[in-house]
Amino acid sequence: MTLWGGRFMEPPDDTLWRFTTDPADRRLLTEDIAGSIAHIEMLGHVGLLPDEDVTVLVEGLKRILDEANEGRFEFVDTDEDVHTAVERRLGELVGPVAGKLHTGRSRNDQVCLDLRLYLRRACDRRIDQLHDLVAVLVAKAEEVDDAVVAAYTHLQQAQAVPLAHHLLAYAWMLLRDAERFRDAKDRIDVSPLGAGAAAGSSLPLEPRDVADRLKFAKVFDNSLDAVGSRDFVAEFAFACAQAMVTLSRLSEELVLWATEEFGWVRYADRYTTGSSALPQKKNPDIAELARGKAATVIGDLTALLALQKGLPLAYNRDLQEDKRAVFHADDTLTEALAALSGMVATARFDPPPPSPWVTALDLAEALVARGVPFREAHAAVGNLVARLWAEGRTLAEVTAGELEGTHPRFVPEDLDLVDPRGSVEARRTAGGGSRSSVADQVSRLREILGSR
Ligand code: ARG
């Protein structure tokens, strides 16, 4: 069934039908019905529909909602889209009065409404999931409390830090990813109903009334903008893409840390896979796939931006393609968050200590504390490092005499600085890689998670 045909002398060609219909919008079914119920109630409220019609139509729509919620709603191949399917089913249930459903409305404002309702709820769900992973990382940070690892720059060992500090860096990144969904929700939470096909209606519709019924914070200000814009979809997809990029960075490290070379972590059997050829293998496929799928979500965002760039106002059918992209982005993030949360929650960390070289800055800073210019201290320790390297030795093997020979302001007690654990203890900067900073971060994160 189509909602048009009056001016057409022949039925749609099969190729047109296959090319223009897309079952992707079927997942907007419950939103479409909820939007229609609110629309009918508004039509009754403004006197465009008599009470008896409102009662019949709302009851019919509620029956369809039950069918949808119980998985009993049946689409047929001849439904052009989800809006048509609901109107068709309503006709089957209540007869010709179903023809009043589309009063003062177009699929152009309707599809925007459905998508806004869907994405508004999706924001809340992704925020919850992101917070769940933050909670997993916080718990892990507490569990690995004692472990010290190297912080890296250029993937070279740089300074000693608690492993917890490294894990919590991801907690803060994921928290911002959640904030991004909260921000996007503000711009999603705008009702487009009443914009009609393009320019509103001569009927006395009340957009604010229908928006209130659907608990929208705002109502559109310009009908062309309301039906022709999809920046809210692209923004949601950006929130998905950025979150996937965060997960991808975490994943890259989860892969790296599980290598023989790093040896920081073992993953639970139930969150790893085996090799069909190599009996010894235990592969971190979840992390690899999260990293790989981030690429496809970046693709979704790119598609949504490209979709809008050449469009004249207002609605164009191109916009139908927004749903596949944004649903794919949302689904991929949903699954990646669930899988990675399990993988991290069950991971067992036991990293080897970092190399003593990570204490080089501590030695230089000991000189700085005694008034030596940093550049001079840097050069002195650099020379010491070069000499030890040449002799195939490490900082851990340096003697008090060598230290004093390096710079006259060194004292024998400075030998104690050449210990990654001591380096962590000496760290002072708020938010730096010290144990007190980690404790502080854990309590702040717990507070933020607790107030959600
Ligand atoms: N399926 C369309 C979409 O997703 C719904 C709006 C169609 N409007 C129209 N005039 N054909 O964008």
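Values quoted throughout were computed directly from the atomic coordinates according to the rules given, and no laboratory measurement underlies them. It should be emphasised that the depicted structure is a prediction, and the values quoted were computed from it without experimental measurement. Reconstructed Cβ throughout: ideal geometry from the backbone, glycine too, with neighbour counts over all protein chains shown.
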> Looking at segment 2-70, which GluC sites (Glu not before Pro) are DSSP coil and have at most 12 other C-beta atoms within 10 Å of their C-beta?
Replying inline: Glu70
>> Give the lysines reachable from Lys282 as a straight Cα distance under 23 Å; neighbours fewer than 8 places away on the same chain don't count.
In response: Lys140, Lys293
> Relative contact order for segment 185-256: what is it in percent, counting Cα pairs under 8 Å that are at least 6 residues apart?
Replying inline: 33
> Whose amide H sits under 5 Å from the amide H of Tyr315, counting only residues 5 or more places off or on another chain, with H placed in the peptide plane?
Replying inline: none
> Nearest 10 degrees, 0 to 90: what angle lies between the long axis of helix 51-69 and the longest principal axis of the chain (Cα atoms)?
Replying inline: 40
> Ordered by residue, what ³J(HN,Hα) values in Hz, to whole numbers, does segment 258-263 give under the Karplus form 6.51 cos²θ - 1.76 cosθ + 1.60, where θ = phi - 60° and Gly and Pro are x?
Replying inline: 8, 5, 3, 5, 7, x
> Karplus couplings for segment 161-178 from phi (6.51 cos²θ - 1.76 cosθ + 1.60, θ = phi - 60°), rounded to Hz, Gly and Pro as x?
Replying inline: 9, x, 3, 4, 5, 5, 5, 6, 4, 5, 4, 5, 4, 5, 5, 5, 4, 5
> Can you give the % of DSSP beta bridges in the chain that are antiparallel, to the nearest 5?
Replying inline: 80
>> I need the calculated FRET efficiency for the pair Val97 and Arg444, taking r as the beta carbon distance and R₀ as 60 Å, to the nearest 0.05.
In response: 0.55
>> Spelling out what I want: for every residue of segment 109-118, take phi, set θ = phi - 60°, compute 6.51 cos²θ - 1.76 cosθ + 1.60 (Karplus), and round to whole Hz; glycine and proline get x.
In response: 7, 5, 5, 5, 4, 4, 5, 5, 4, 5
> Where Rh is the Kirkwood radius over the Cα pairs of the chain, the temperature 10 °C and the viscosity 1.306 mPa s, what D in µm²/s does Stokes-Einstein return?
Replying inline: 60
> If packing is taken as the mean number of other Cβ atoms within 10 Å per residue, what is the order of 324-331, 304-311, 436-443, highest first?
Replying inline: 324-331, 436-443, 304-311
> Hey, fewest Cβ within 10 Å first, where do His131, His407 land in order?
Replying inline: His131, His407
> Given H placed on each backbone N at 1.01 Å, which residues far from Val149 in sequence or on other chains put an amide H within less than 5 Å of it?
Replying inline: Val161, Leu163
> Contour minus end-to-end for Ser275 and Thr399, with contour as 0.36 nm per residue of separation and end-to-end as the Cα-Cα distance?
Replying inline: 39.8 nm
> Sorting Trp257, Trp389 on the 10 Å Cβ count, fewest up front, what's the list?
Replying inline: Trp389, Trp257
>> Can you compute the helix-only [θ] at 222 nm over the chain? Use -39500 (n - 2.57) per DSSP H run of at least 4 residues, normalise by all residues, nearest 500 deg cm²/dmol.
In response: -19500 deg cm²/dmol
> How far is helix 360-369 tilted off the main Cα axis of the chain, in degrees rounded to 10, range 0 to 90?
Replying inline: 70
